[in-house]
2 protein chains.
Amino acid sequence: MTLSKEQSLGANSVGIVTPQTMQIDTPLLLECGVSLPSHSLVYETYGELNAKKTNAILICHALSGHHHAAGFHANDEKSEGWWNELIGPDKPIDSNRFFIVCTNNIGGCHGSSGPTSINPETGEQYGPDFPIITVEDWVSSQALFSDQLGIETWAAVIGGSLGGMQAMEWSTRFPNRLKHAIIIASSPKLSAQNIAFNEVARQAIMRDPEFYEGRYFDHDAKPVNGLRVARMLGHITYLSDDMMAEKFGRDLQNRTLIDFSYDAEFAVESYLRYQGDRFADQFDANTYLLMTKALDYYDPAKAHNENLREALATAKADFLVMSFTSDWRFNPERSREIVKALQDNKLNVSYAEIDAPQGHDAFLMQIDDYIDVFQSYMNKVAV
Amino acid sequence: MTLSKEQSLGANSVGIVTPQTMQIDTPLLLECGVSLPSHSLVYETYGELNAKKTNAILICHALSGHHHAAGFHANDEKSEGWWNELIGPDKPIDSNRFFIVCTNNIGGCHGSSGPTSINPETGEQYGPDFPIITVEDWVSSQALFSDQLGIETWAAVIGGSLGGMQAMEWSTRFPNRLKHAIIIASSPKLSAQNIAFNEVARQAIMRDPEFYEGRYFDHDAKPVNGLRVARMLGHITYLSDDMMAEKFGRDLQNRTLIDFSYDAEFAVESYLRYQGDRFADQFDANTYLLMTKALDYYDPAKAHNENLREALATAKADFLVMSFTSDWRFNPERSREIVKALQDNKLNVSYAEIDAPQGHDAFLMQIDDYIDVFQSYMNKVAV
């Protein structure tokens, strides 16, 4: 007997999901000064909205993420959602209890308005003309989306990394529209080193001759090599030194001796090349540039004389902040800064520093302590 | 009155120096199996060799280094040697007391036999046909060089980073030919993360369309963009997160507000672009590839069942090992592994872990504690 895909996905999967698209015709004034007369967001939902609309959860994605957070797309066995480990029946973000919503942010390349979509004013692809987007803009767009979806108040807004910045921004901009904010492996702003890594990635893309100042699609080209280098570099920062040591060490790839060549001799080289190739195949270069800029720009304390407590003073939600000991991209110290600023505002904050070797990517993984903390906090959210 | 350059260089400079070239006609069998029938090394010397030839110091350079370690070249004010802070009259490596020698390693691009030199067998530039070189090969070449220079025993062999690996290799391969080995900011082998960074740099270069499989010179081209990205990335790993925060923070470059563009808005972006441009202008891409491979391959414990103590068992020299607290490229833990293995061999080892925020690059800098330790150890070497 052959199992159907839904059966084989097991009891704790949301199963086959279908993305939807919402057209938003309210103009959106962006931080850069440009106004988008209309925009569309592609999104997915898992679980059922209850009658009082009190069980809605908004998931905010990170740099290379999108709306497909859980389950699988029909006819694509490899299409597992990026947070499938955390979202589903009886998982921390439990689709039996919550109505879970995840949008692809504007500027993205998975169906929402962005560089790959058509500029209604010109009838042509935006490409590099799509305005540079900020975390603040994403939250503005998500708020319009919430209005139209009929969600006045989110039970929780949840995000990891760049997604955590969106959850933080929601808590201060729309304090009455969320009960809980869950900020995972995130930071109140990027360090010089973080910006530096983003800049190397951008330069790799922008100096690729196939980039054509962002108009590669007009030349039937794609800056594949630049994207590849950008992703390889990104991957190093997502993993910890220890995790790389454990996962690859100095193991050789399909050989017992070094062969004095520039092939992928070490396993870690082979892994990075694979990750780079896969990403370059799928992702849009202009979107990658935009996303890194949104990261670089986010700095809510800046307008408050570098005082993060003041920047977060309008927040009313309860908070769960989580970090991972081996995360050197956004190390626990950055999460503790957020916790301190929230506590100084006399807000309810739970903080968990998870002892995990997986580095920044830990937030995507099924790690026992992480799952436990997440699950018990979500029990509180469900009340 | 206008000061002459030597006067303006101050009393603690070795002044104007002139590189020399040594032709070595003894065949050199490389680790990769290729034999170089002859090769040449460009080198500089500072100070005078004493009658008994007991005051000679060999300096081994790192990834992008060369023979010009101290002083200045005539008619080039900007030509300060890369270790000018440490080498000179009354400096730790004192040219009043020692005869100091620094070669450009084979595979380099500053005058020694390497990818940019002419293959005597073909009459054409080697380019990518120059064999891949190892730390072991460099030490073999330096030993032939020492023979020809008439130095039987070095008072000390000294190196930082990749140079430290050469000093370590000298101590085990030619235990009777050096009295002291000084290993700074180094490691007994690269970690998976170290290799990963090197691989990203290599891929940036090799996937640059101007690379032409290493034959760019035949196409009047140069993989400038790849070299640029490689160097920008390297720079991040040479500096510490804290140092970057202190040096640049989130300061903007020549503007008070972000301007929503892909220009170098943040000071750290501007700095990295400058470093990348300067390097890409001066350095040969094939050499950069070779040097990173030499780093990746070095692993003396591998042939001894991963036992570093056994790998170092033949050493007889006295050792000074130094590391820097903020160095995350080769963190102090890696130096402590070397120290432990040397101590287990009952060798005399001094170890200093210098508290310094400058990251890996600290080994090139004039840092008080570092200078003090170095100077007092060199007093011991001078005896």
Next on the checklist: If I go through region A:145-177 residue by residue, how many of them are in a helix (DSSP H, G or I) and either of a type outside the set (V, I, T) or not assigned by TED's automatic domain parsing to the domain that holds A:T54 (or both)?
Outcome noted: 19
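To keep it simple, each residue is scored yes or no on (1) farther than 21 Å from A:D284 by Cα; (2) in contact with a helix residue (DSSP H, G or I) (Cβ under 7 Å, 6 or more places away or on another chain).
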{"residue": "A:L41", "(1), (2)": "no, yes"}
{"residue": "A:L49", "(1), (2)": "yes, no"}
{"residue": "A:K53", "(1), (2)": "yes, no"}
{"residue": "A:L63", "(1), (2)": "no, yes"}
{"residue": "A:E80", "(1), (2)": "no, no"}
{"residue": "A:G88", "(1), (2)": "yes, no"}
{"residue": "A:F99", "(1), (2)": "yes, no"}
{"residue": "A:G107", "(1), (2)": "no, yes"}
Item to check | Total residues in region B:185-198, condition in contact (Cβ under 8 Å) with a residue 40 or more places away in the chain and assigned to a helix (DSSP H, G or I) | outcome: 4
Item to check | Filtered residues of region A:103-118 (kept if assigned to a loop (DSSP other than H, G, I, E, B) and away from chain B (no Cβ under 14 Å)) | outcome: A:N104, A:N105, A:I106, A:G108, A:C109, A:H110, A:G111, A:S112, A:S113, A:G114, A:T116, A:S117
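Residue-by-condition table, conditions (1) under 21 Å from the mean Cα position of the chain (by Cα); (2) of a type in the set (G, A, S); (3) at the interface with chain A (Cβ under 10 Å from one of its Cβ atoms); (4) surrounded by 19 or more Cβ atoms within 10 Å (Cβ to Cβ):
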{"site": "B:S240", "(1), (2), (3), (4)": "yes, yes, yes, yes"}
{"site": "B:M244", "(1), (2), (3), (4)": "no, no, yes, yes"}
{"site": "B:G249", "(1), (2), (3), (4)": "no, yes, yes, no"}
{"site": "B:Q253", "(1), (2), (3), (4)": "no, no, no, no"}
{"site": "B:T256", "(1), (2), (3), (4)": "no, no, no, no"}
{"site": "B:S261", "(1), (2), (3), (4)": "no, yes, yes, no"}
{"site": "B:L272", "(1), (2), (3), (4)": "yes, no, yes, yes"}
{"site": "B:A285", "(1), (2), (3), (4)": "yes, yes, no, yes"}
{"site": "B:L289", "(1), (2), (3), (4)": "yes, no, yes, yes"}
Next on the checklist: Criterion first (within 14 Å of chain A (Cβ to nearest Cβ) and either surrounded by fewer than 16 Cβ atoms within 10 Å (Cβ to Cβ) or within 23 Å of B:I184 (Cα to Cα) (or both)) does B:L86 satisfy it?
Outcome noted: no
Checklist entry - Within region B:190-201, which residues are under 25 Å from B:E169 (Cα atoms) and at the interface with chain A (Cβ under 7 Å from one of its Cβ atoms)? => result B:S191, B:A192, B:Q193, B:I195, B:A196, B:F197, B:E199
Next on the checklist: Testing B:G164 on (1) without any contact (Cβ under 8 Å) to a residue 24 or more places away in the chain; (2) of a type outside the set (A, V, I, L, M); (3) touching a strand residue (DSSP E or B) at 6+ places or on another chain (Cβ under 8 Å); (4) buried (at least 22 other Cβ atoms within 10 Å of the Cβ), one condition comes back false. Which one is that?
Outcome noted: (1)
Next on the checklist: Suppose we keep only residues that are aromatic (F, W, Y) and over 19 Å from the mean Cα position of the chain (by Cα) within region B:351-383. Which one would you say is nearest to B:S95 (Cα to Cα)?
Outcome noted: B:Y377
Item to check | region B:204-261, residues that are in contact (Cβ under 8 Å) with a residue 12 or more places away in the chain, of a type in the set (K, R) and in a loop (DSSP other than H, G, I, E, B) | outcome: B:R207, B:R215, B:K222, B:R250
Checklist entry - For region B:119-144, what are the residues that are of a type outside the set (F, W, Y) and assigned to a helix (DSSP H, G or I)? => result B:G127, B:P128, B:D129, B:V135, B:E136, B:D137, B:V139, B:S140, B:S141, B:Q142, B:A143, B:L144
Checklist entry - Just one of the numbered conditions (1) assigned to a helix (DSSP H, G or I); (2) out of contact with any Phe, Trp or Tyr (no Cβ under 8 Å at 6 or more places or on another chain); (3) at the interface with chain A (Cβ under 9 Å from one of its Cβ atoms); (4) surrounded by 18 or more Cβ atoms within 10 Å (Cβ to Cβ) is not true of B:D296; which one? => result (2)
Checklist entry - Of the residues A:N105, A:N119, which single one is surrounded by 24 or more Cβ atoms within 10 Å (Cβ to Cβ) and either under 30 Å from A:Y212 (Cα atoms) or modelled with pLDDT under 95 (or both)? => result A:N105
Checklist entry - Checking A:P209 against (1) within 11 Å of another protein chain (Cβ to nearest Cβ); (2) crowded, with 19+ Cβ neighbours inside 10 Å, which test does it fail? => result (2)
Checklist entry - Does any residue of region B:345-359 turn out to be assigned to a helix (DSSP H, G or I) and crowded, with 16+ Cβ neighbours inside 10 Å? => result yes
Next on the checklist: Looking only at region B:52-80, how many residues end up being within 21 Å of B:K380 (Cβ to Cβ), free of Cβ contacts under 8 Å to residues at least 40 places away in the same chain and hydroxyl-bearing (S, T, Y)?
Outcome noted: 0
Checklist outcome for this item: Those residues of region A:150-190 which are farther than 22 Å from A:R97 by Cα and among the acidic types (D, E) amount to A:E169
Next on the checklist: Restricting to region B:34-80, name every residue that is more than 25 Å from B:F174 (Cα to Cα) and aromatic (F, W, Y).
Outcome noted: B:F72
Next on the checklist: I'm checking my understanding of the structure. Among residues of region A:302-336 that are within 30 Å of A:P131 (Cα to Cα) and facing chain B (nearest Cβ under 10 Å), which one is surrounded by the most Cβ atoms within 10 Å (Cβ to Cβ)?
Outcome noted: A:K302
Checklist entry - Going by the structure shown, is B:E169 within 29 Å of B:Y216 (Cβ to Cβ), of a type in the set (D, E, K, R) and touching a residue at least 40 places away in the same chain (Cβ under 8 Å)? => result no
Item to check | Filtered residues of region B:361-379 (kept if part of a helix (DSSP H, G or I), under 25 Å from B:W154 (Cβ atoms) and touching a residue at least 12 places away in the same chain (Cβ under 8 Å)) | outcome: B:A362, B:F363, B:L364, B:Y370, B:I371, B:V373, B:F374, B:Q375, B:Y377, B:M378
Checklist entry - Looking at this structure, is B:I338 assigned to a helix (DSSP H, G or I) and in contact with a strand residue (DSSP E or B) (Cβ under 7 Å, 6 or more places away or on another chain)? => result yes
Next on the checklist: If I filter region B:169-182 for residues that are surrounded by fewer than 24 Cβ atoms within 10 Å (Cβ to Cβ) and either among the aliphatic types (A, V, I, L, M) or touching a strand residue (DSSP E or B) at 6+ places or on another chain (Cβ under 6 Å) (or both), do I get at least one hit?
Outcome noted: yes
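Per-residue answers, yes or no, for (1) farther than 17 Å from A:D263 by Cα; (2) more than 9 Å from chain A (Cβ to nearest Cβ):
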{"position": "B:A204", "(1), (2)": "no, no"}
{"position": "B:P223", "(1), (2)": "yes, yes"}
{"position": "B:G226", "(1), (2)": "yes, no"}
{"position": "B:G234", "(1), (2)": "yes, yes"}
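The values are calculated or read from the model by the stated rules, or taken from the named source; none is laboratory data. Keep in mind that what you see is a predicted model, and the values were worked out from it rather than measured. Every residue, glycine among them, receives a Cβ derived from its backbone with ideal geometry; neighbour counts consider all protein chains shown.
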